[in-house]
Structures are given as C-alpha cells and as structure tokens.
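Asks: First the structure, then my questions, so here it is.
The values are calculated or read from the model by the stated rules, or taken from the named source; none is laboratory data. Small disclaimer: the values here were computed from a predicted structure and weren't measured. For neighbour counting, all protein chains shown are included, and Cβ atoms are generated from backbone atoms with ideal geometry for every residue, glycine included. For the accessible areas, the whole protein counts, side chains as well, though only heavy atoms, and no ligand, DNA or RNA atoms are used. Shrake-Rupley method; radii C 1.70, N 1.55, O 1.52, S 1.80 Å.
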Amino acid sequence: MRASLLQIDVNPYESVDSRRDRVAGLVRAQSGADLVVLPELWPTGAFAYEAFEEYAEPLDGPTAAVLSAAAADASVWLHGGSVVERAGDGTLYNTSLVFGPDGRLERTYRKIHRFGFDKGEATMMGGGESVTTVALPDAVAGLATCYDLRFPELFRRLTDDGAQLLVIPAGWPARRREHWTLLSRARAVENQAYVLACCSAGTHGGVEQAGHSQVVDPWGEVLAEAGEDEEILTVDLDPARVAKTRADFPVLRDRVL
Ligand SMILES: NC(=O)CCC(=O)C(=O)O
C-alpha cells in the first residue's frame, strides 16, 4: 500500500482559489499512490482565524468539489485534510473529508478536541462527537486531527474500532515541533499501528508551521520525515505488519483497564 503525504505550504502568498487548484494538481500527480493525505485546514491555514467565517463551506462546497474531482482523476483514496465546515445550523466545524477513488465522499470527521484555549477554534467552532474510522481496501484508517494527537484515549478508541493506520492532518506550530514528532511516534508505539502525520509548511496568522510530516511504523520506526518546506513524502506500507507486531509483542492483549 503506497501512501503520499502532501506537506502543503500555506503561506498567504496565494489566494484560497489558486491554492485549491495547485493542490488539486499535486493530488492528480499522485496516481501511483493508494492513499493521499493533506494537512489540516490547508485552504486558509489552521491559524488564520479571521478567514474562517469567509471560507466556511458546506460539505459539498468548493473545496470538496475540487478534491472529489482530483481523487477521481488520480483514482486514489484521498484524505483531504480538513476544511472549515459550515453546518446547516450555522455552526462551524474543523472537518476532515475522505474521498474514494471514484470521487465519492466516503467519510467525514469533525475534530473532537478544539485548540485555542480561550480563543481561535475553541470559541469559533463546535467540537465533533464521533470516533471515526474508514475501511480502505487494504487497511482500516482511524481519523484524528492535529490537537487530537495529545489525547491518547481517542487513539485507543480508534484502535479498539479496528484502526491499523492512524491518519493525522495537522497545522502544528514550529515552536512545539518536538511534541509533534514525539507524540506521533508515541501513538504508533502504544497502538502498534502506522501513523501518517501530515502537517503544513509556511507561516500564516503569525504562526510558523512545524512541517516534519512523518510516517511511523507499528514498531515506532520513522519510515520517512519531511523537512520544513513544502514536500511530498511517498512511503510503501505493509498493513500485515500491524497484525504481526501485535502478535509478536502482544501488549494490547495485556491491557488491564
Ligand atoms: N491546530 C491545532 O490543533 C494546533 C495544536 C497545537 O498547537 C498543539 O497541540 O500544540
């Protein structure tokens, strides 16, 4: 199973429309992959709070349309990172969209843990309530977004629900980069699962992004790690390694709580 993580530069040097077109072109170029992953809130950047209202969109909005077409053209599963969703009642959510290779929207996930303490998404957005997995042809993927990474109980729930890959789009700040790479590895080791952690690059809303997207195997080995600039990581995964790791070193079996 081949996965491509697109570490997109979210600097505000291009409009949201041009970025959508550029990202769609990058997705179309990944036709050899089985799964393509984008970062959190890549159209605006995760810290461009002032742009959230303007670019909020329904689940069949402009970003979904562009991603659906790109997934179908490349014939790939596409985890489209996340968008600012405007729900029917007007509430905003940080919502991930997963498309199948025919361009159909197969799954959505509303970020459960909102970041921002007393501002930002914590006050502007609603929190998701559903722990969400999606069955890909070769593996079950568990969905989480950025700040969710700090909450191991979510990942244990995903593992209990059958997740073999933990897919985490993010807009993680560079000033906490050590936490990003450390926690990504920790979630892989403690759940004996692949972690596909896809961050953005660049600076927006005054926040420099961590980059350093990485793919970690079920033993905690980093198979690939990006630098700080826009970059594409392409990695071959063997989902059978998840079952083998869990059988050879059965810590999940030995849980007490
Ligand atoms: N976009 C986010 O969720 C940021 C999370 C973050 O900055 C942190 O956990 O640290």
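Asks: Can you give the charge dipole size of the chain about its Cα centre, rounded to the nearest 20 debye, using +1 on the beta carbon of Lys and Arg and -1 on the beta carbon of Asp and Glu?
Replies: Dipole magnitude for the chain comes out near 660 debye.
Asks: Among 59-72, 126-139, how do they line up from the highest to the lowest mean number of other beta-carbon atoms within 10 Å?
Replies: Descending packing order for the listed peptides: 59-72, 126-139.
Asks: Let me ask something else. Ignoring any ligand, DNA or RNA, what whole percent of the accessible area of the chain comes from carbon and sulfur when the probe is 1.4 angstrom?
Replies: Looking at the chain in its full context, I get 50 percent from C and S.
Asks: With the cut-off at 27 Å, report for region 5-131 the share of all Cα pairs above it, as a whole percent.
Replies: Looking at region 5-131, the distances longer than 27 Å represent 14 percent of pairs.
Asks: Let me ask you something else. Distance between the C-alpha centers of region 141-168 and region 83-128? Whole Å please.
Replies: The two parts, judged by their Cα centres, are 16 Å apart.
Asks: Which value, in Å² rounded to 10, gives the accessible area of Y194 with a 1.4 Å probe and all protein chains present?
Replies: Surface accessible to solvent at Y194 totals approximately 10 Å².
Asks: Which whole-number value in Å² is the accessible area per residue of the chain, probe 1.4 Å?
Replies: 41
Asks: Still on this structure, I have one more. By per-residue mean of other Cβ atoms within 10 Å, what is the highest-first order of 92-101, 173-182?
Replies: Highest mean packing first, the order is 92-101, 173-182.
Asks: What is the pair-distance distribution P(r) of region 6-61, computed from all Cα-Cα distances in 5 Å bins starting at 0, with each bin given as a whole percent?
Replies: Computed distribution, short to long bins: 4, 17, 27, 26, 16, 7, 3, 0.
Asks: What number, in percent, do you get for the relative contact order of the chain if the mean sequence gap of Cα pairs under 8 Å and at least 6 apart is divided by its residue count?
Replies: Rounded, it is 20 percent for the chain.
Asks: Quick check on the chain: what are the equivalent-ellipsoid semi-axes from the Cα gyration tensor, as sqrt(5λ), descending, whole Å?
Replies: Values for the chain, descending: 26, 20, 18 Å.
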